[in-house]
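Structure first, then comments.
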Amino acid sequence: MLRNVSISFFDTNPYSSGNHNANEKTLKIRICGLPLSVDDSAVYELLDKNDVKTKSKILYEKIRHPVTGKMTSVLNGNRFIYVEPLPDDKHLPRINYCTGIRCLIFHFGQPKMQRTLTCTNCWTSGHTRNHCNNEPRCKVCKTPGHEPGDPKCSEYEQLQNVIAFNGQDSVLSNFFPCDLNL
Ligand SMILES: [Zn+2]
Ligand SMILES: [Zn+2]
């Protein structure tokens, strides 16, 4: 109460999130990991695909100066936007792809990302190599009986016009001994 007037306090300026009314609820969404050169239109497309109703335009995070800790005007590619709160049972997936580039979305109420175990022997999830009873599988095509890079692999591509060289026995290698005349 201030001079008999009741005043609400807000953690942040409620109007900066695109609200028309101070009590309107908004959700802040952070989109992280995209290069600065990715166009906002692609980000809007991603949000649209997730049925997100935007309230503000896309805003950019700035980098703090590593020494002074002061905010700089340098942008790091991370963006944020204020949107209408999602229905109670809905949240956005953490891992997303925007123009083919992997990015992470963070917002309040999003469940913590569960780490899924992937077995490096059979490449299925739910257990580790030490507890694996399956036969080994190829990491690339996920079928048993061969290793990645084997001609039996369905993903195997014969490289033509490629000369592999390494070590002191290959003439093209920089470890191949040769005489220098100075
Ligand atoms: Zn396994
Ligand atoms: Zn394979």
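The values are calculated or read from the model by the stated rules, or taken from the named source; none is laboratory data. Just so it is clear, the model here is predicted, and its values are computed rather than measured. Ideal geometry is used to build each Cβ from the backbone, glycine not excepted, and the neighbour counts take in all protein chains shown.
Observations on the structure shown:
- Residues that are of a type in the set (D, E, K, R) and surrounded by 16 or more Cβ atoms within 10 Å (Cβ to Cβ), drawn from segment 31-60: K55
- Within segment 120-139, considering residues that are surrounded by 15 or more Cβ atoms within 10 Å (Cβ to Cβ) and away from ligand 2 (no atom under 16 Å from the Cβ), the one modelled with the lowest pLDDT: H127
- Residue in segment 153-165 that is in contact with a Leu (Cβ under 6 Å, 6 or more places away or on another chain) and either within 16 Å of ligand 1 (Cβ to nearest atom) or not assigned by TED's automatic domain parsing to the domain that holds I31 (or both) present: yes
- Condition met for E157 (of a type outside the set (V, I, T), within 16 Å of ligand 2 (Cβ to nearest atom) and on the phi < 0 side of the Ramachandran plot): yes
- On the stretch given as segment 1-30, residues that are assigned to a loop (DSSP other than H, G, I, E, B) and among the hydroxyl-bearing types (S, T, Y) total 4.
- Test: residue in segment 132-152 that is under 30 Å from S41 (Cβ atoms), over 22 Å from the mean Cα position of the chain (by Cα), part of a loop (DSSP other than H, G, I, E, B) and more than 16 Å from ligand 1 (Cβ to nearest atom): no
- Residues of segment 107-119 satisfying the condition of being modelled with pLDDT of 85 or more, more than 8 Å from ligand 1 (Cβ to nearest atom) and not aromatic (F, W, Y): H107, G109, Q110, T118
- Being more than 16 Å from ligand 2 (Cβ to nearest atom) and either out of contact with any Asp or Glu (no Cβ under 6 Å at 6 or more places or on another chain) or in the same structural domain as E45 (by TED's automatic domain parsing) (or both) is not true of H146.
- Residue within segment 39-53 that is in contact with a Gly (Cβ under 9 Å, 6 or more places away or on another chain) and in the same structural domain as P93 (by TED's automatic domain parsing) present: no
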